[in-house]
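Working notes, structure below.
What follows is calculated from the coordinates using simple rules that are stated; it is not laboratory data. All values reported here derive from a predicted model rather than from experimental measurement. As a convention, Cβ positions derive from the backbone with ideal geometry for all residues, glycine included, and neighbour counts pool all protein chains shown.
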Amino acid sequence: MRIDEERIAEPGLVVLNVTAAGEETVRAVMDGLQQKWATSGVTPVWRVPGEAGFRARVHADIRRPD
């Protein structure tokens with residue numbers, strides 16, 4: 001899957017690919033990320049036939065102070 005350069009055009013903008021054994025784990029990670037940073041939120045989770053794990057992609061702005 002291609003990463004749109006607009007999503008990482010500035011320092012502090014990231015694209016995170018999350019892979020885990022279970023869909024619930026992927027959703028929990030996305031929820032935790034959105035509580036810490038400004039993110040694209042909980043995005044669709046998918047599986048790639050023939051490959052292990054569930055996947056999701058999250059866009060985040062990590063410049064927000066703690």
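What to note about this one:
- Karplus-derived 3J(HN,Hα) values for segment 15-31, using 6.51 cos²θ - 1.76 cosθ + 1.60 with θ = phi - 60°, are 10, 10, 9, 10, 10, 8, 5, x, 4, 4, 5, 4, 5, 5, 5, 4, 5 Hz; glycine and proline are entered as x.
- With contributions of -39500 (n - 2.57) from each DSSP H run of at least four residues, the per-residue ellipticity at 222 nm computed over the chain stands at -7000 deg cm²/dmol.
- Neighbourhood net charge (10 Å Cβ-Cβ; Lys/Arg +1, Asp/Glu -1) for W46: +2
- For the peptides 53-62, 12-21, the ranking by mean Cβ contacts within 10 Å, running from highest to lowest, is 53-62, 12-21.
- Working from label points 7 Å from Cα in the Cα-to-Cβ sense, the I62 to T25 distance is 2.1 nm.
- Our summary gives segment 1-63 a relative contact order of 41 percent, counting only alpha carbon pairs under 8 angstrom and 6 or more residues apart.
- When you count the other C-beta atoms within 10 angstrom of each residue and take the mean per peptide, 22-32, 42-52 line up highest first as 22-32, 42-52.
- Shape category assigned to the chain from the gyration tensor of Cα positions, a/c cut at 1.5: oblate
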